[in-house]
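A quick write-up on the structure given underneath.
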Amino acid sequence: MAKGVWIVAEQRYGAYRKISFELASTARKLANQLGEEVCAILLGSGIEGIAGELGKYGVDKVYVADQPVLEPYTTDAHAAAVAKVVKENDPSILLLGASTQGKDLSARLVGKLATGMATDCVDLQIVDGKLSARRPMYAGKCYGEIMVSSFPQMASLRPNVFPAAENSKAAEVIKFDPGVDAGQLKTKVLEIQKDTSGKLDLTEANIIISGGRGMKGPENYVLLEELADMLGATVGASRAAVDAGWRPQKDQVGQTGKVVSPNLYIACGISGAIQHLAGMGSSKYIVAINKDPDAPIFARADYGIVDDLFKIVPELTKEVKKLLA
Amino acid sequence: MNVVACVKQVPDTETLIKVKPDGSGIDETGIKWVMNPYDEFGVEEALRLKEKLGGDVTIVSLGPARALETIRTALAMGADKGIHINDPALEGTDAFTVATALAAAIKNIPYDIIFCGQRAIDDDSGQVGAVLAELLGIPQVTVVTKVEVDGKTTKVIRPIEGAQLLIESSLPCVVTAQKGLNEPRYASLPGIMKAKKKPVDVKDAAGLGVTIDVKAKVVKTLPPPARPPGKIICGEEPAEKAKELARLLREEAKVI
């Protein structure tokens, strides 16, 4: 019988990504309810040394495959390795991050393991011994409760939503052979062009400051950048701003852009089209700064200021500077 | 170069989604149905490859009778033929089941590259492209903003958190399209006229030899959690309002 709550940990350049700890501590919570153990799969090259760290977040066993063929990530190599160790151990639940890598890998595993998965979940519970997953659909315009009837029951977790709680265990590290032959791989990473801005991706940021049509032009985003620098925030944009060519595609928040859940979302000069509200509606706190008192964004905002953003934002930057000094 | 583009018909992004009172799904009354925007990027890229390298573009869609409009839209853009998988038993199933049906329809036609949207904007599940690739035994490159094809391989750009990857894949493969890949064309009037005469093959699960074994189910659909009413910060001067906002964010919300 399928048993155990498993996660696929994610590392990049030899360091864990935060989602790995969110996965581990969520798995711990579910495993406690089931009375089962938590196992993690860690893949990469030169990463065996960090395997044990997962114990800090409640993992009992870490299955490690440490080989050059697993670095950098490719779908074929990682999916083959995970499928092998999962089939050998038959877990009841398998969790991954809904990061770009986790989404790519988890979907392939759905095919390899012939199972079902709830994508981008924001809540997981055990109901009658089975996994019940809650996830936004239609970019958050509604939510679905998903039950997976095949094993392993798979779910991917939206980054930044589940707490990473420490729960120290002495994790046992188990090496395994991923059985991946480099000659068989059909995809290859030729180049990694790193973004040198040092900013977190929108999907990972704790604070997002977004600008829309009200910014009036690309040159004015410097106002948001200054506030963002002060707060360690990432700057986002509405579709209008991206389509106008003011901001790059990767900055777009909304139904055809990124769906985000930061602790704080500050919308500047964004009226709040339904597609935009869908993409940021699950943020913990929403601030709207807009001249138009009838802008739909105010109906979603926890705090609203009806005023000219060109007057408010610089003052806010000054105030934040004072507070953080 | 034979290209397949998978498309799904979804509610327009303007749609206000209403959940049925019994939580059994969404109320479809008055919904305007359109081609999933990410699939549109896939169709456009398929047409560009055909224009450059020759060959055929086949559109495959799983959905009820109304999904035929979406197939016709793609044919009007310039695709050559369509396959419409229409079977009530396949509606509202899961990614594995849908991909199984798509794979059964695609495996018997020639293909060098298959485009899917990176996700459909209705269920936001983002699984079908990858599962399809697995079932056909071919590689996948997902969430792609640039595609270059030369005979036996394709090179693609895939943005990830904080970086961009240049990935090479052998062909055939599945590519899932992300916004930024291209600007989809509009169907021309002659295109719309021609599309009416282009062949669309209709299939059901039995005709494709697919046994339905549902793996995951949406057991309940819920409206989004209600947000408590917000506060409008009043004041005479911008500085005063900004100061109050900063105080609330620090002391009440505790987020800065």
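Rule-based calculations on the coordinates, nothing more; no lab input. As the structure is a computational prediction, the values presented were derived from the model and not from experiment. No Cβ is skipped: glycine too gets one built from the backbone with ideal geometry, and neighbour counts run over all protein chains shown.
Using R₀ = 25 Å, calculate the FRET efficiency as 1/(1 + (r/R₀)^6) where r is the Cβ-Cβ separation of A:L323 and A:D229; round to 0.05.
Values: r = 15 Å, r/R0 = 0.59.
Between A:L323 and A:D229 the formula returns 0.95.
At q = 0.12, 0.13, 0.20 Å⁻¹, what base-10 log of I(q)/I(0) does the Debye formula yield for the range B:1-121 when every alpha carbon is treated as an equal point scatterer in vacuo?
For the range B:1-121 at q = 0.12, 0.13, 0.20 Å⁻¹, log10 I(q)/I(0) is -0.44, -0.52, -1.12.
Output the Cα-based Rg and Dmax of the range A:207-324 in Å, rounding Rg to one decimal and Dmax to a whole number.
In order Rg, Dmax, the Cα atoms of the range A:207-324 give 12.6, 37 Å.
In deg cm²/dmol and to the nearest 500, what is the mean residue ellipticity at 222 nm of the protein assembly as shown if only DSSP H runs of at least 4 residues count, each as -39500 (n - 2.57), divided by the residue total? Walk me through the intermediate numbers first.
Numbers: 15 runs with 159 residues, N = 581.
Computed ellipticity for the protein assembly as shown at 222 nm equals -8000 deg cm²/dmol.
Just add up the charged neighbours of B:C116: K/R +1, D/E -1, any other residue whose Cβ is under 12 Å from the Cβ of B:C116. Don't jump to the answer; show the numbers that get you there.
On the way: positive: B:K8, B:R119; negative: B:D39, B:E40, B:E45.
Net charge around B:C116: -1.
If we restrict to alpha carbons, what Rg and Dmax does the range B:104-256 come to, in Å?
When restricted to Cα atoms, the range B:104-256 yields Rg and Dmax of 24.3, 71 Å.
What is the local net charge at A:K291, summed over the other residues whose Cβ is closer than 13 Å to its Cβ (Lys, Arg +1; Asp, Glu -1)?
Details: positive: A:R213, A:K216, A:K311, B:K241; negative: A:D292, A:D294, A:D307, A:D308.
That works out to 0.
Given the protein assembly as shown, what percent of its DSSP beta bridges are antiparallel, to the nearest 5?
Details: 43 of 115 bridges.
The answer is about 35 percent antiparallel.
Using only Cα atoms, figure out Rg for the range A:5-184 and give it as a multiple of 2.2 N^0.38 Å.
Numbers: Rg = 15.0 Å, N = 180, 2.2 N^0.38 = 15.8 Å.
Here the answer is 0.95, to two decimals.
What translational diffusion coefficient, to the nearest whole µm²/s, does the protein assembly as shown have by Stokes-Einstein, given a Kirkwood radius computed over alpha-carbon pairs, a temperature of 4 °C and 1.567 mPa s viscosity?
Values: Rh = 24.6 Å.
Estimated diffusion coefficient is 53 µm²/s.
Which whole-number percent gives the relative contact order of the range A:51-187, counting Cα pairs below 8 Å spaced six or more residues apart? Spell out each step's value before the answer.
On the way: 234 pairs, mean separation 55.6, N = 137.
Relative contact order for the range A:51-187 comes out at 41 percent.
Of the beta bridges DSSP finds with both residues in chain B, what % are antiparallel, to the nearest 5? Please report the intermediate quantities before stating the final value.
Values: 17 of 42 bridges.
Of the beta bridges lying entirely in chain B, close to 40 percent run antiparallel.
For the pairs B:K107/B:K146; A:K186/A:K258; B:K81/B:K194; A:K87/B:K215; A:K311/B:K243; B:K8/B:K194, note any where the Cα-Cα span goes beyond 19 Å. Before the final figure, lay out each step's value.
Working: B:K107/B:K146 26 Å; A:K186/A:K258 29 Å; B:K81/B:K194 11 Å; A:K87/B:K215 17 Å; A:K311/B:K243 12 Å; B:K8/B:K194 21 Å.
Beyond 19 Å between Cα atoms: B:K107/B:K146; A:K186/A:K258; B:K8/B:K194.
Provide the convex hull volume over Cα atoms per residue for the range B:3-208, in Å³. Don't jump to the answer; show the numbers that get you there.
Values: hull volume 26.6 nm³, N = 206.
Each residue corresponds to 129 Å³ of Cα convex hull volume.
Rg and Dmax in Å for chain A, alpha carbons only: what are they?
Cα radius of gyration and Dmax of chain A are 21.3, 63 Å respectively.
So for the range A:27-85, Kirkwood radius off the Cα pairs, Stokes-Einstein at 10 °C and 1.306 mPa s: how many µm² s⁻¹? Can you show the working numbers first?
Working: Rh = 12.3 Å.
Answer, rounded: 129 µm²/s.
Which FRET efficiency value, to the nearest 0.05, is calculated for A:L190 and B:E252 with the Förster distance at 60 angstrom and r the Cβ-Cβ distance?
On the way: r = 50 Å, r/R0 = 0.83.
Plugging the Cβ-Cβ distance into 1/(1 + (r/R0)^6) gives 0.75.
So how much slack lies between A:V222 and A:N206, counting 0.36 nm per residue of separation and subtracting their Cα-Cα distance, in nm? Intermediate results must be reported in sequence, preceding the final value.
Values: separation 16, 0.36 × 16 = 5.76 nm, distance 1.97 nm.
So the chain would gain 3.8 nm between A:V222 and A:N206.
Could you give each residue of the range B:28-33 its phi-based ³J(HN,Hα) in whole Hz, using Karplus coefficients 6.51, -1.76, 1.60 with θ = phi - 60°, and x for Gly or Pro?
8, 4, x, 6, 8, 9
Mind checking which lysines have their C-alpha under 16 Å from B:K220, skipping anything on the same chain fewer than 8 residues away?
Within reach: A:K130, A:K141, B:K18, B:K20.
In the range A:1-56, if every C-alpha pair distance is counted and binned at 5 Å from zero, what percent goes to each bin?
Each 5 Å bin holds this share of Cα pairs: 4, 20, 30, 22, 12, 8, 3, 0.
Once you list every other residue whose beta carbon is under 10 Å from the beta carbon of B:G92, what net charge do they have if Lys and Arg are +1 and Asp and Glu are -1? Show your work: numbers first, answer last.
On the way: positive: B:K217; negative: B:E91, B:D94, B:D123.
So the environment of B:G92 carries a net charge of -2.
Based on the Cα atoms of the range B:193-256, what semi-axes does the equivalent ellipsoid have, where each is the square root of 5 times one gyration tensor eigenvalue, given in whole Å with the largest first? Numbers along the way, then the final one.
Numbers: eigenvalues 668, 104, 22 Å².
Here the semi-axes work out to 58, 23, 10 Å.
Describe numerically, in nm with one decimal, the distance between label points set 7 Å from Cα along Cα→Cβ at A:D181 and at B:E91.
In this crude spin-label approximation the distance works out to 4.7 nm.
Would you mind computing, in nm to one decimal, how far apart the modelled labels at A:E48 and B:E148 are, each placed 7 Å from Cα along Cα→Cβ?
3.9
May I ask for the equivalent-ellipsoid semi-axes of the range A:271-316, computed as the square root of five times each C-alpha gyration tensor eigenvalue and listed largest first in whole Å?
Details: eigenvalues 69, 28, 14 Å².
Calculated on Cα positions only, the semi-axes equal 19, 12, 8 Å.
To the nearest 10 degrees, how steeply does helix B:37-53 sit against the main Cα axis of chain B, on a 0 to 90 scale?
40
Let's test the formula: R0 of 41 Å, r as the Cβ-Cβ distance of B:E168 and A:S149. What FRET efficiency results, to the nearest 0.05?
Numbers: r = 38 Å, r/R0 = 0.92.
The calculated FRET efficiency here is 0.60.
Once label points are set 7 Å from the Cα along Cα→Cβ at both B:K20 and A:S168, what is their separation, rounded to one decimal in nm?
5.3
Relative to the compact globular guide of 2.2 N^0.38 Å, what is the alpha carbon radius of gyration of the range A:194-258, as a ratio? Numbers along the way, then the final one.
Working: Rg = 11.0 Å, N = 65, 2.2 N^0.38 = 10.7 Å.
Its radius of gyration relative to the 2.2 N^0.38 Å reference: 1.02.
Place a point 7 Å from Cα of A:K284 in the direction of its Cβ. Which residues in the range B:222-243 have their backbone N less than 16 Å from it?
Answer for the range B:222-243: B:228.
Within 10 Å of each Cβ in A:197-203, how many Cβ atoms from other chains are there, averaged over the peptide?
Numbers: counts 1, 1, 1, 2, 5, 1, 1.
Mean shielding by partner chains, rounded to a whole number: 2.
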